[in-house]
Amino acid sequence: MTESDVAVEVEGLRKSFGSNLVLDGVDLSVERGRLFALLGPNGAGKTTVVNILTTLVSPDSGKVRVGGFDVTRQAARVRESISLTGQFAAVDHLLTGRENIVLIAELRHVRSPAATAEALLEQFGLAGAADRRTATYSGGMRRKLDIALGLVGDPAVVFFDEPTTGLDPESRNMMWDTIKLMAAGGKTIFLTTQYLEEADRLADEIAILSHGRVAARGTPQALKSMLPHGQVEIRFAGTGNLERAAGVLADSDPVRDDSTLTLTVTTDGTVARLSRLFAVLEASQLEVAGLVQRTPTLDEAFLQVVGHHGGRQDAPVA
């Protein structure tokens with residue numbers, strides 16, 4: 001990967017606020033045209049990373065470049081090439097949707113503010129409300145307009161800092177669809193989120209921030225494959241079969257649920273292990289009413305990383 005292929009480059013990033021060390025040598029890179037998600041528990045420093053990348057906060061040390069520009073020495077060039085959407089819609093409620101976009105277009109010296117507004121309002125399904133004051137917009141409409149404002153001037157990198165926090169499920173799904181369309185259009189997107197399902201559904205690559213450093217990184221599937229096991233939930237026909245199966249499979253330490261007549265067994269996910277499990281059941285002439293195989297989730301991978309990372313080194317996942 002050449003330098004021109006990298007949209008965001010961070011090496012050895014450190015940042016303290018007083019005596020509180022927030023970032024302790026963060027290393028990460030984002031390829032152009034990729035959707036990258038940064039995860040971490042509350043207080044891990046996700047927003048601090050975004051604030052540094054968008055020139056709102058200065059780093060203490062480290063190499064930080066966005067769009068090929070140094071965030072400290074070339075801050076103005078960085079700001080010209082990015083947009084930032086935070087947790088709250090940054091729209092002027094006294095203006096109409098059209099006026100909001102035209103204002104930002106004029107501030108960014110876009111050649112045709114009116115045409116830009118028309119195109120973005122149409123793109124985000126807001127043309128019918130273009131001349132209404134945004135104070136009358138629903139929360140979902142304001143979020144759409146906020147994203148549209150961020151696209152004025154065709155930024156090279158779009159930052160979303162926990163953009164769906166506080167949204168209802170319908171508005172959250174709308175945001176996901178919008179972000180996916182932007183990514184499909186070739187935009188480089190840097191997303192922080194506290195919703196693991198969001199990262200799993202949207203991201204090409206994920207990094208997990210813990211103890212001030214990147215504890216693991218990789219595709220959602222690669223991160224989930226860090227956990228060497230899955231689960232098989234076996235449902236039995238009748239309480240008697242459930243009771244017998246619990247005894248037969250006692251060595252597998254199954255989790256029993258009498259209300260659903262199921263046993264849940266942890267496995268290594270291999271065909272050999274599953275074959276042995278079913279062979280034991282068949283030899284005991286136990287009637288199985290149904291079964292579901294469950295693979296590790298991103299939530300489980302996240303908890304594994306955050307719970308065991310000591311903050312000493314990156315843990316890349318192939």
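The values are calculated or read from the model by the stated rules, or taken from the named source; none is laboratory data. Note that the coordinates shown come from a computational prediction; the quantities given were computed from them, not determined experimentally. With ideal geometry, Cβ positions are generated from the backbone for all residues, glycine too; neighbour counts draw on all protein chains shown. The area values use the complete protein model at the heavy-atom level, side chains included, leaving out ligands, DNA and RNA. Shrake-Rupley method; radii C 1.70, N 1.55, O 1.52, S 1.80 Å.
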Practice problem: May I ask you to list the residues in segment 70-102 that are among the polar types (S, T, N, Q) and more than 23 Å from the chain's Cα centre (by Cα)? | Solution: Thr72, Gln74, Thr96, Asn100
Self-check item: Within segment 1-99, strands (runs of 3 or more DSSP E) holding 1 or more residues that are more than 29 Å from Ala301 (Cβ to Cβ) and of a type in the set (A, V, I, L, M, F, W, C)
Solution: 6-17, 82-85
Quiz prompt | Candidate set: segment 262-288, residues that are surrounded by 13 or more Cβ atoms within 10 Å (Cβ to Cβ) and in contact with a His (Cβ under 9 Å, 6 or more places away or on another chain); chosen: the one nearest to Arg235 (Cα to Cα) | solution = Thr266
Quiz item: Given segment 112-192, what helices (runs of 4 or more DSSP H) lie entirely inside it while holding 3 or more residues that are touching a residue at least 24 places away in the same chain (Cβ under 8 Å) and buried (at least 21 other Cβ atoms within 10 Å of the Cβ)?
Solution: 113-123, 139-150
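Residues are listed down the side, and each one gets a yes or a no for (1) open to solvent by less than 50 Å² (accessible area, probe 1.4 Å); (2) over 14 Å from Arg217 (Cβ atoms):
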site	(1), (2)
Gly18	no, yes
Leu21	no, yes
Asp24	yes, yes
Gly45	yes, yes
Val49	yes, no
Self-check item: Members of segment 59-92 found to be farther than 30 Å from Asp131 by Cα, surrounded by fewer than 19 Cβ atoms within 10 Å (Cβ to Cβ) and of a type in the set (D, E, K, R), listed by number
Solution: Asp60, Lys63, Asp70, Arg73, Arg77
Practice problem: Scan segment 227-246 for residues that are open to solvent by 30 Å² or more (accessible area, probe 1.4 Å) and either hydrophobic (A, V, I, L, M, F, W, C) or closer than 16 Å to Arg276 by Cα (or both) and report the count. | Solution: 4
